[in-house]
Amino acid sequence: MISTEETLRRVGRAIATTRFPFIDQEDWDITWGVYTNDYLEEQLIIEVGEERYTPSIVSTFENGDLRVICEVESNETVSVDQIPRWRALSDLAGVTYKLKKFFLYVPEGKESETQKLLQDNGIEYAGLRTWAIRDGSLVIKPITTPDESKDHRVT
């Protein structure tokens with residue numbers, strides 16, 4: 001059986017590969033970087049004072065400024081304990097249209113709990129997604145996309 005850590009690593013890498021950019025996305029700038037962090041490899045570490053963050057997925061502008069931050073959660077990690085981390089990641093994310101480009105990917109069934117945690121704690125986010133494995137494939141379902149509609153895609 002595959003461990004939770006390995007599942008999250010695979011989910012994060014699949015999201016990075018299929019959504020950054022979307023296969024048909026015409027406005028993707030090839031100078032934007034995309035990095036994944038997981039328990040095997042850390043590609044982009046964000047240090048703020050004494051704090052060290054390794055979000056699941058990070059996209060940067062050509063100059064290295066943070067563009068998009070994504071966090072992939074498990075059933076065990078969706079909790080009130082994540083509020084400080086989610087707030088920090090949201091604060092660090094760039095703004096493209098009107099909101100911080102912070103995306104959360106949570107297991108199917110955790111969307112209501114996560115959305116309530118985000119809203120009750122005033123955490124700005126550009127998208128909440130669920131992930132599930134069906135017949136060996138990763139299925140991403142957008143729950144809410146308050147920033148821009150082109151990001152609201154099932155994959």
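Computed from the coordinates by the stated procedures, all read-outs in this text should not be read as laboratory data. For clarity, every value in this text was computed on a predicted model and none was experimentally measured. Cβ: placed from backbone, ideal geometry, glycine included. Neighbour counts: every protein chain shown.
Mean residue ellipticity at 222 nm, helices only, the chain: -7000 deg cm²/dmol; runs of at least 4 DSSP H residues each add -39,500 (n - 2.57), and the sum is divided by the number of residues. Annotation for the range 90-129: chymotrypsin sites (Phe, Trp or Tyr not before Pro) lying in DSSP loop with at most 16 further Cβ atoms inside 10 Å of their Cβ are Y97.
If the segment from E26 to R87 were pulled out straight at 0.36 nm per residue, it would be longer than the present Cα-Cα gap by 18.9 nm. Using C-alpha pairs below 8 Å separated by at least 6 residues, the relative contact order for the range 4-151 is 16 percent.
Here the chain is treated with +1 on each Lys and Arg Cβ and -1 on each Asp and Glu Cβ, and its dipole about the Cα centre works out to around 380 debye.
By other beta-carbon atoms within 10 Å, ranking V80, V139, V34 with the fewest at the front produces V80, V139, V34. Placing unit charges on each Cβ (+1 for Lys and Arg, -1 for Asp and Glu) gives the range 1-70 a dipole about its Cα centre, and among V68, I2, V34 the Cα reaching farthest toward its positive end belongs to I2. Distance between the pseudo-spin-label points of E62 and E50 (7 Å out from Cα toward the beta carbon): 3.9 nm. Once both labels are positioned 7 Å from their Cα atoms along Cα-to-Cβ, the gap between R134 and S112 label points is 2.0 nm. For the options S74, S112, S90, a Gaussian network treatment of the chain with springs between C-alpha atoms closer than 10 Å singles out S112 as fluctuating the most. Note on K100: aspartates and glutamates with a C-alpha under 12 Å away, same-chain residues under 8 apart excluded, are D91, E124, D147, E148. Here the Gaussian network model covers the chain, with springs between Cα atoms less than 10 Å apart; of G127, G49, G94, G49 fluctuates the most. Compute the longest continuous run of the chain that contains no exposed GluC sites (Glu not before Pro); treat a site as exposed when its DSSP state is not H, G, I, E or B and it has at most 16 other Cβ atoms within 10 Å. Longest stretch, sites excluded: 109-147. Would you kindly work out the equivalent ellipsoid of the range 1-137 from its C-alpha gyration tensor and give its semi-axes, the square roots of five times the eigenvalues, largest first in whole Å? Semi-axes (√(5λ), whole Å): 21, 19, 16.
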